[in-house]
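Before any comments, here is the structure.
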Amino acid sequence: MNRYDSNPFADEEVNPFANGGGGVAPANPRLSPLPPEPYDRNATIDIPLDNSKSLQAKEKELKAKEAELKKREQELKRKEDAIKQAGVVIEEKNWPPFFPIIHHDIANEIPIHLQKIQYVAFTTFLGLIVCLLWNILAVTVAWIKGEGVIIWLLAIIYFLATVPVAYFVWYRPLYRAMRTDSALSFAGFFLSYLLHIAFCIYAAIAPPIFLKGKSITGILPAIELMSYNVSVGILYFIGFALYVLETLLSIWVIQQVYTYFRGSGKAEEVKREAARTTMMAAI
């Protein structure tokens, strides 16, 4: 045989483990997947409830707290009903918004046909504050210009005394009268508001009778100051104009309130109440 001859076994598959060779066939290297386990939808999953006692205790605690809250609500409602029956009104302070010091809610508490009058009356209360603040400014300038410290101290006293008195003596009674339609509150308002108008007229003139000369920015001190200190005199003239405007608005308010008071029959009610009080006093 020539060594260069081709391999005689090249075209023949020699596999000693083939079936034909008497050997054992190898197993398939890939295993078939296991069949899926049957799924029972009705099967239950047992979860250990070791904390069942603690859950029941928490549930009892929540129920106890809920019963306590209901008891407090009922007690609070009973007190509110008792206060309403006694005629006591709890008023929440809501004005001014940035620093509430009083209760004021015209839109929700005053009848709609009286709201305009109440708003203008409130304007006169704020106008009085503006007049007295301007009075302090003008008198301060006059003090700096050599008019003396006494007039400045008096201007401070006017502001500190007049503003709270105006609120509690005539504005609050008018607000209460408009809200409750009380004839006696209307009567108290008329007496105190007439004093307010008298003060505004006096301040607009500022005669040196009761008060120290230039402590109020009226027309008379304004004319006097214009003769030798024009800048201070102008400030006093502005104060005079503010007092005049305050007086005119206040006169309009008292006219409107009196018209409503007479038209609603409150005047006769006040007369009957006064007669009954006099009779009881005599008895």
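Here are the numbers for this structure:
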{"quantity": "Residues that are within 23 Å of the chain's Cα centre (by Cα) and not hydroxyl-bearing (Ser, Thr, Tyr), drawn from the stretch 178-209", "calculated": "Met178, Arg179"}
{"quantity": "Sole exception among (1) assigned to a loop (DSSP other than H, G, I, E, B); (2) open to solvent by less than 100 Å² (accessible area, probe 1.4 Å); (3) modelled with pLDDT under 65 for Pro38, by number", "calculated": "(2)"}
{"quantity": "Among residues of the stretch 103-155, those that are hydroxyl-bearing (Ser, Thr, Tyr) and crowded, with 19+ Cβ neighbours inside 10 Å, counted", "calculated": "1"}
{"quantity": "Candidate set: the stretch 178-227, residues that are open to solvent by 30 Å² or more (accessible area, probe 1.4 Å) and of a type in the set (S, T, N, Q); chosen: the one modelled with the highest pLDDT", "calculated": "Ser227"}
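The values are calculated or read from the model by the stated rules, or taken from the named source; none is laboratory data. As the structure is a computational prediction, the values presented were derived from the model and not from experiment. Ideal geometry is used to build each Cβ from the backbone, glycine not excepted, and the neighbour counts take in all protein chains shown. Ligands, DNA and RNA are stripped out before the accessible areas are found, and what is left, the full protein with its side chains, is counted by its heavy atoms. Shrake-Rupley method; radii C 1.70, N 1.55, O 1.52, S 1.80 Å.
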